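The values are calculated or read from the model by the stated rules, or taken from the named source; none is laboratory data. Quick caveat, the model's predicted, so the values are computed rather than measured. So basically every Cβ, Gly included, is an ideal-geometry build from the backbone, and we count neighbours across all protein chains shown. SASA here: full protein model, heavy atoms, side chains in, ligands and nucleic acids out. Shrake-Rupley method; radii C 1.70, N 1.55, O 1.52, S 1.80 Å.
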Amino acid sequence: MNLRVTSIASEIVPLAKTGGLGDVGGALPPALESIGCHCNAFLPAYRSAMNCGLPIETTDLFFSVPVADQ
């Protein structure tokens, strides 16, 4: 399979977790890679994530997410 998948989540285990979303965010990319997908995962630059000691790459990408009427 030659799919490129990008996931964006507010939580990705082991970088950030407060609920079940973090579990899914951490488990989905490796599962997809096990069937041949190329995956990237993005999450906010939380202090805990930036200081966790895992290899993290910064990007030049910036975007905003509209919430309600704001």
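Over all projection directions, the Cα-based convex hull of the chain averages an area of 6.1 nm².
Per residue, the chain exposes an accessible area of 80 Å² to a 1.4 Å probe, with every protein chain left in place. Scanning residues 5 or more positions from Ser7 or on other chains, those with amide H under 5 Å from its amide H are Asn40, Ala41, Phe42, with H placed 1.01 Å from N in the peptide plane.
Only protein atoms count toward the accessible area here, which uses a 1.4 Å probe; on the chain, the carbon and sulfur part of that area reaches 59 percent. Please compute the contact order of the chain in relative form: average sequence separation of alpha-carbon pairs under 8 Å and at least six residues apart, divided by the residue count, as a percent. It rounds to 33 percent for the chain. In degrees from 0 to 90, rounded to the nearest 10, what is the angle of the helix 20-34 Cα long axis to the longest principal axis of the chain? Helix 20-34 sits roughly 30 degrees off the main axis of the chain.
A helix-only calculation puts the chain at -8000 deg cm²/dmol for mean residue ellipticity at 222 nm, using -39500 (n - 2.57) for each DSSP H run of at least four residues, averaged over all residues. Note on Thr58 and Tyr46: the model spin-label points, each 7 Å out from Cα along the C-beta direction, lie 2.0 nm apart.
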